[in-house]
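S.K.: One structure coming up, written as C-alpha cells, with questions to follow.
Just so it is clear, none of the values below were taken in a lab; they were calculated from the coordinates. Worth saying up front: this structure is predicted, and the values here are computed from it rather than measured. With ideal geometry, Cβ positions are generated from the backbone for all residues, glycine too; neighbour counts draw on all protein chains shown.
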Amino acid sequence: MTKSYTYSEARQNLASVLSQAEKDGEVSITRRNGKKYIIKVADSIGSPLDVPCLGIKISREEIIESVREGREMDYADRSNRYGEEKIK
C-alpha cells in the first residue's frame, strides 16, 4: 500500500519520504488543494558517455587523424556548396 503524506509533512521530512519511496516503490503527496503527486524511484540509466568498448586497437594518432580527415571533408563539402570565399 502506498504511504501518503501531506505536502507539509513531505517537505519537513523529505529524506524519510524518499527512503519510504525506495522501500515501498512509491509514496503519494497530497497538496492542500487536493492535487495528488506520486514519488517513485527512477531507474538509473547511467551516463550518456558510458559507452561500451569496441575492443579495437587504435592509437591516439589514428583517432586524431580520423577527426582531422572528417573536418577536412566537412570543410570541402561546405566550400563546394557555398563557394570558397564565403567560408572564411
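S.K.: Cβ-Cβ distance below 9 Å, separation of 6 or more or different chains: which pairs start in the stretch 45-68 with a residue that is surrounded by 10 or more Cβ atoms within 10 Å (Cβ to Cβ) and end on one that is assigned to a loop (DSSP other than H, G, I, E, B)?
M.R.: From residues that are surrounded by 10 or more Cβ atoms within 10 Å (Cβ to Cβ), the pairs are Ser66/Ile58.
S.K.: Pairs, please: C-beta under 6 Å, at least 6 apart or cross-chain, first residue within 9 Å of Ile29 (Cα to Cα) and in the stretch 3-16, second in a loop (DSSP other than H, G, I, E, B)?
M.R.: As it stands, the answer is Tyr7/Arg31, since those pairs meet every condition given.
S.K.: How many residues are assigned to a helix (DSSP H, G or I) and out of contact with any Phe, Trp or Tyr (no Cβ under 8 Å at 6 or more places or on another chain) when one looks only at the stretch 1-57? Don't jump to the end; show me each part of the working.
M.R.: Kept after step one, since they are assigned to a helix (DSSP H, G or I), are these residues of the stretch 1-57: 7-12, 14-24.
Next, from what is left, pick out any that are out of contact with any Phe, Trp or Tyr (no Cβ under 8 Å at 6 or more places or on another chain): 7-12, 14-16, 18-24.
Number satisfying all stated conditions: 16.
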